[in-house]
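Report on the following structure.
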Amino acid sequence: MELKDKKVLITGGSAGIGKAIIKELIKHGVKDIAVVARKQEPLTLLKSELNAVNIIDIQADISVIEDLNKVVSVISREWGMVDILINSAGVVSAGLLAEQSDEDVVGQIDINVTGLILLTKKTLPYLQKSKEGAIINVSSGYGYIAMPFYSVYAATKAAVAQFSDAMRRELYQYPIHVMTVYPSATDTGMMKTAVVTQMDSPEKVAQATVSGIIEKQINVILGGKEMEEKVKLNFLEPEKIDQFAADNFENLRKRTKNHRSM
């Protein structure tokens, strides 16, 4: 896929993986980018930092339907179409299910799944105007391999993966490629409250993502061969992953005790 001059709409683009993806896209000739984020200040800073390209900043909460309609209204007014939709926004709240607040359970589902699906639905008429478009959904390694203390988060990210596969098959008659990205632990603000020693950089995830778009990959899995082997093991012999989780249960509890980014 040729990225030069593509019009890109991205959620969660003011920081972390989303911001790194924007910078990588710019390297490949993208000049028109609409960025959705919940807070205006980081959007304003992003627009100032990347003043060589055309940034449309849209303050919106994708868990709120009225805000999603606002996003679509801006896109309709400014462009009238979209080439690439990147659903990068996400939240996490770790812990035992019995100890998670109802608000955090609903919040993860609303942002990670419902908002993502509804934004995709609402932007489809604009994506279908593209001669070569794409939908990129950012899942997680937990979307493949669920672990204790991440039951809700893993469920939402698995849902994202299945949604991607369904949409790719549903849109086969359109020139719209659908790809899912599965980051491993990534050094972003979302991970500040987790106890993790080895993480990928946002730039590494962004490079893999943009390369995947260009090459029209279906799945971009971070974590190398080790992760690919774990994915296969989880599918073929899930009881071995069960045993790993049991053997490391207390370490996983300590690692995730304060992990929350909502």
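The values are calculated or read from the model by the stated rules, or taken from the named source; none is laboratory data. Bear in mind that the values here come from a model prediction, so they are computed numbers and not experimental data. Ideal geometry is used to build each Cβ from the backbone, glycine not excepted, and the neighbour counts take in all protein chains shown.
Checked against (1) modelled with pLDDT of 95 or more; (2) acidic (Asp, Glu); (3) surrounded by fewer than 17 Cβ atoms within 10 Å (Cβ to Cβ), ASP32 passes all but a single condition, namely (3). With respect to being surrounded by 15 or more Cβ atoms within 10 Å (Cβ to Cβ) and either in contact (Cβ under 8 Å) with a residue 60 or more places away in the chain or not aromatic (Phe, Trp, Tyr) (or both), ILE65 falls outside the description.
Taking the range 35-61 as the range and being surrounded by fewer than 16 Cβ atoms within 10 Å (Cβ to Cβ) and closer than 20 Å to LYS6 by Cβ as the test, the residues that pass are ASN51, ALA52, VAL53, ASN54.
Among the residues of the range 77-84, is any surrounded by 24 or more Cβ atoms within 10 Å (Cβ to Cβ), touching a residue at least 24 places away in the same chain (Cβ under 8 Å), hydrophobic (A, V, I, L, M, F, W, C) and not in a helix (DSSP H, G or I)? Yes - at least one qualifying residue is present in the range 77-84. Does LYS122 satisfy being over 19 Å from ILE21 (Cα atoms), outside any helix (DSSP H, G or I), among the basic types (Lys, Arg) and modelled with pLDDT of 95 or more? No.
Just for the range 87-115: of the residues that are among the β-branched types (Val, Ile, Thr) and outside any helix (DSSP H, G or I), which one is nearest to ALA15 (Cα to Cα)? So that I can check it myself, show each step before the final result.
Initially, the range 87-115 is screened for residues among the β-branched types (Val, Ile, Thr), giving 91-92, 105-106, 109, 111, 113-114.
With outside any helix (DSSP H, G or I) added as a condition, the list becomes 91-92.
Numbers: VAL91: 13, VAL92: 15 Å.
Residue satisfying both the conditions and the ranking: VAL91.
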